[in-house]
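Scroll down for the structure; my scribbles are underneath it.
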Amino acid sequence: MGDGQTTRTENVVRTGIVAELPLVAESIVSRILVDNDLLQVTQFTFGAGQTLSEHTSSRAAVVQVLEGELVFRLNGEDNLLRAGDCLYMAPDTPHSVRAETDCRMALVLVDPRG
C-alpha cells in the first residue's frame, strides 16, 4: 500500500520507511503510512533550515521527533524538540515547524469525532 490508504479494521505493516524516505538537503519530504477516517500517520524528513509556515488542523496531533532537532511553534511559543521528544497538539492550534538540523518526524493526526 504505497499511499497508506487503509480502513479502521485492517492491519497494516510498513517496513523500510527510512530507505523509502531519505533525508534530502533543502527539502521537505513526506510519506503517508496509514490513512483512514480515524487517523493519519505521516513521516516527514526536513533538510536543515526548512520550514512549514503557520497553519492549523481540525484534527488533534501527536508529533514525535525521530532524528535531529526542530523548533515546533505552538500558539506563538517556540518548543525545541530533539530525537525522542514528543508533543500533543489540540485541534485548531496555530503551529509552524523549523528544522534546526536535518531531521525526521512522525505525525499522527486523530479525528476528535472518531
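The values are calculated or read from the model by the stated rules, or taken from the named source; none is laboratory data. In this text the structure is predicted, and so the values were computed from the model without any measurement. Cβ coordinates were reconstructed from backbone atoms using ideal geometry, including for glycine residues, and neighbour counts include every protein chain displayed. SASA here: full protein model, heavy atoms, side chains in, ligands and nucleic acids out. Shrake-Rupley method; radii C 1.70, N 1.55, O 1.52, S 1.80 Å.
Take the chain, connect every pair of alpha-carbon atoms lying under 10 Å apart with a spring to form a Gaussian network, then pick out the residue of THR42, THR15, THR101 with the largest mean-square fluctuation.
THR15
In whole Å, how far is the Cα centre of region 7-36 from that of region 84-107?
Computed from Cα coordinates, the inter-centre distance equals 16 Å.
Any idea how far apart SER30 and LEU80 come out in nm if each label point goes 7 Å out from Cα toward Cβ?
With each label placed 7 Å out from Cα toward Cβ, I get 2.6 nm.
Counting only helical runs of four or more DSSP H residues, what would the 222 nm mean residue ellipticity of the chain come to if each run contributes -39,500 (n - 2.57) and the total is spread over all its residues?
Taken over the chain, the calculation gives -500 deg cm²/dmol.
In the neighborhood of GLU67, defined by Cβ-to-Cβ distances under 13 Å, what is the net charge if each Lys or Arg adds +1 and each Asp or Glu adds -1?
Surrounding charge for GLU67 is -2.
Using the crude model of +1 on Lys and Arg Cβ and -1 on Asp and Glu Cβ, and no other charge, please compute the dipole size for the chain relative to its Cα centre, in debye to 20.
200 debye
Using Cα pairs closer than 8 Å and at least 6 residues apart in sequence, work out the relative contact order for region 20-114, in percent. Write out the running numbers ahead of the final one.
Numbers: 262 pairs, mean separation 34.2, N = 95.
Reported as a whole number, the value is 36 percent.
For ASP37, ASP102, what's the largest-to-smallest order of accessible area, 1.4 Å probe?
Per-residue accessible area, sorted high to low, gives ASP37, ASP102.
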